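All remarks here apply to the structure that follows.
The values are calculated or read from the model by the stated rules, or taken from the named source; none is laboratory data. Here the structure is a predicted model, which means the values were calculated and not measured. Cβ sites come from the backbone with ideal geometry, for glycine too, and all protein chains shown count toward neighbours. Only protein heavy atoms, including side chains, enter the accessible area calculation; ligands, DNA and RNA are left aside. Shrake-Rupley method; radii C 1.70, N 1.55, O 1.52, S 1.80 Å.
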Amino acid sequence: MSEKQTPMTEAVYYILLSLKTPAHGYGIIQKVLEFTNGRLELGAGTLYGAINTLLDRGWIKLYSEDKHSRKKKEYIVTEQGEAALRQEIQRLQELLQNGRKMMAERL
C-alpha cells in the first residue's frame, strides 16, 4: 500500500461500492441490502452522515439534483474514492490471507 489510510467501516465500504453507478439515498440502501443479502441495513443517519463525510473527503460527488426535492440527489464515486476503495480491498485481502495462513498452520 502506498499511503496509509484508516480502515473503512463496513457501511462506507458498501456505500462506495454502491456508487460505481449514480444512486440516491434509497438506491444506496437497496444496493447495500442486495450486496449483503439483507444482513446490513443502513439507517438514514448512518447513510447521510457517511455521505457528508465522503463528500468532504472528495471520495464521492453530487451527480445530479432535483431542485424540487431534497431527496432526489444522486451521488457517484470519484477517482479518489475508487483509489481508496482499491486500497481497502488490498487491506482486506491481506487480512484474509494472513488469517487463512495462520488458521491452516494450527489445524
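A few remarks follow.
- Among LEU55, LEU92, LEU17: highest mean-square fluctuation, GNM of the chain, C-alpha pairs under 10 Å: LEU92
- Atom-type composition of the exposed protein surface of the chain places 51 percent of the accessible area on carbon and sulfur (1.4 angstrom probe).
- Helix 25-35 and the longest principal axis of the C-alpha atoms of the chain enclose an angle of approximately 30°.
- Under 24 Å of direct C-alpha separation, and excluding same-chain neighbours fewer than eight residues apart, LYS73 reaches these lysines: LYS20, LYS31, LYS61.
- Where TYR63, TYR75 fall by accessible area, highest first, once all protein chains stay in place (1.4 Å): TYR63, TYR75
- The range 22-107 - Rg over Rh from alpha carbon coordinates, Kirkwood radius: 1.12
- Summing +1 for each Lys or Arg and -1 for each Asp or Glu among the other residues whose beta-carbon sits under 14 angstrom from that of LEU92 gives 0.
- Value of relative contact order over the chain, rounded to a whole percent, pairs C-alpha under 8 Å and six or more apart: 29
- Cβ-Cβ distance of THR46 and ILE89, R₀ of 25 Å, FRET efficiency by 1/(1 + (r/R0)^6): the value works out to about 0.70.
- For q = 0.23, 0.28 Å⁻¹, Debye-computed log10 I/I(0) when each Cα of the range 47-89 counts as one equal scatterer: -0.78, -0.99
- Nitroxide proxy distance, nm - points 7 Å out along Cα→Cβ at ALA104 and THR36: 3.0
- Rounded to the nearest 10 degrees, the inclination of helix 79-106 to the longest alpha-carbon principal axis of the chain is 30 degrees.
- The stretch between GLN5 and GLU82, if pulled fully straight at 0.36 nm per residue, gains 26.4 nm over its current Cα-Cα span.
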